[in-house]
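Please read the structure below before turning to the comments.
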Amino acid sequence: MDWQGWALFGLLATAALTVVMTASQMAGWTRLDLPLVLGTLVTPDPDRARVAGFFIHLAAGQAFALGYAAAFALLGRATWWIGALLGLLHVAVALTVILPLLPGVHPRMASTRAGPSSRAVLEPPGLLGLNYGIQTPAVAVAAHVVYGSMLGLLLTVH
């Protein structure tokens, strides 16, 4: 496996996913701000949190790209459609397991049981991220399919 190619392709795919998520947020299709959610794990300041969260998101994107590359290696090939299928699996786990569990570990996110006295600054995402807007699951699916397809395509041609 070309590890330098993997790292570059992971960065490009993460950038593409980030563009889809950010553009969707700016268009009003979702209120999910991944850099803010991730960054507030380490700092309460929203401006600093977005910067920290951006780098946390890039690192996570690289880690997931490594997982995708390993899956492609196990399958013996990389294609855009296998990448898209991996993206669907990835987003299914993110929306049904990771996001609903996040309030249990995030120091600045309210839980679904938090009452009016909660000092949390972020609302819980809920199942499928629906608390951040009805279109959030569709946006997340689109972003992750782009991510996986791009990785599959780039690793195919390389």
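List of remarks:
- Residue exposure sequence - Val121, Val105 - by fewest surrounding Cβ within 10 Å: Val105, Val121
- Helix axis angle, 80-93 relative to the chain longest principal axis, alpha carbon, degrees: 20 degrees
- Per residue, the average separation of C-alpha pairs within less than 8 Å and at least 6 apart gives the chain a relative contact order of 33 percent.
- Computed helical MRE - 222 nm, the chain, DSSP H runs ≥ 4 contributing -39500 (n - 2.57), nearest 500: -21000 deg cm²/dmol
- Each listed q (0.10, 0.17 Å⁻¹) maps to a log10 I(q)/I(0) for the chain from the Debye sum over equal C-alpha point scatterers, namely -0.37, -0.98.
- Degrees between helix 46-75 axis and first principal axis of the chain (Cα, 0 to 90, nearest 10): 40 degrees
- Contact order relative to length of the stretch 1-66, as percent, for alpha carbon pairs under 8 angstrom and 6 or more apart: 36 percent
- On Cα atoms only, tilt of 3-26 relative to the major axis of the chain in degrees: 40 degrees
Every number here is computed from the coordinates shown, using simple stated rules; none is lab data. Computed from a prediction, not measured in an experiment: that's the story for all the values here. With ideal geometry, Cβ positions are generated from the backbone for all residues, glycine too; neighbour counts draw on all protein chains shown.
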